[in-house]
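Please read the structure below before turning to the comments.
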Amino acid sequence: MKALFYGIGLQFKLDIRSRSMLITCYLVPLAFFLFMSGIFTSIDPTYAKTLISSMTVFTVTMSALMGLPPALAEIYGTEVKSVYKANGAPIWFGVITQFISSFIHTFIVCLIIFGLSPLIFKADLPVNILWYFLSLIALLFVTLAIGCIFGLLFKQQAKLTMVAMVVFLPSIMISGIMFSADLLPQFMQYIAYAFPATLAFKGMTNFEVWHLPVLFAEFAVLCGVIAILLKFKVKK
């Protein structure tokens, strides 16, 4: 356990120094938040009601799908994996440390958005703050798990970016965080529920009970997929 905490702390420090993580986890989400929030609230003042939830979903999706996978691919697609084996570290060590480090970094950015939104853009706080944070944690678990799967599956940066964008763009465009999902065709509204971002956003804004169990069930399934992929990595 002591080694695990040391590994998490070390990975957290390494991620702070990583240019890729700095851009995808901090700079881009915060720049998007500061720039687009002003535009959205100017066009539609009612956007202030869901501003915090919308920017939170964007931040989590961006960090988990665009920031985490390259970091994992660097570990399990290169000789770094051999270093783990040589030092007696279990094969899952890199996934756990990277997952928790990314969780902490992303959660920090979400807290910054949560604190600055009412001050800068006069955004409304979520009606149910506890439910908001539970939805946030569930979204982090699921999207980071998806990011781990991408990082374990794909070694080449070009393929990794392409696959991540296939999930990232629909998550942002049809989840309802940019504009009301009611404006979408009916079939696209149904497709949107295949993306965790949609479920989490509905949970943060509508506080419907069923969203959280579905997200955590998805996380359990994704953990099983990660375990299978790690076993494959061991055999290789």
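Structure summary
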{"item": "Positive minus negative residues near A200 (Lys, Arg vs Asp, Glu; Cβ under 15 Å)", "result": "-1"}
{"item": "D (Stokes-Einstein, µm²/s), Kirkwood Cα radius, region 2-235, 1.002 mPa s at 20 °C", "result": "118 µm²/s"}
{"item": "Residue order, fewest to most beta carbons within 10 Å, for I75, I52", "result": "I75, I52"}
{"item": "Neighbour-count order for Y190, Y76, fewest beta carbons within 10 angstrom listed first", "result": "Y190, Y76"}
{"item": "Charge tally in the Cβ shell below 15 Å around M21, where Lys, Arg are +1 and Asp, Glu are -1, M21 excluded", "result": "+1"}
{"item": "Centre separation in Å (Cα based) which lies between region 92-149 and region 199-231", "result": "14 Å"}
{"item": "Packing-based order for 55-64, 128-137, using average beta carbon neighbours within 10 Å, highest first", "result": "55-64, 128-137"}
{"item": "For K202, K159, K49, order by how many other beta-carbon atoms lie within 10 Å, fewest first", "result": "K159, K49, K202"}
{"item": "Region 2-235, relative contact order in percent, only Cα pairs under 8 angstrom and at least six apart counted", "result": "27 percent"}
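Readers should treat all values here as calculations from the given coordinates under stated rules, not as data from a laboratory. Since the model is a prediction, treat every value here as computed from it, not as a measurement. With ideal geometry, Cβ positions are generated from the backbone for all residues, glycine too; neighbour counts draw on all protein chains shown.
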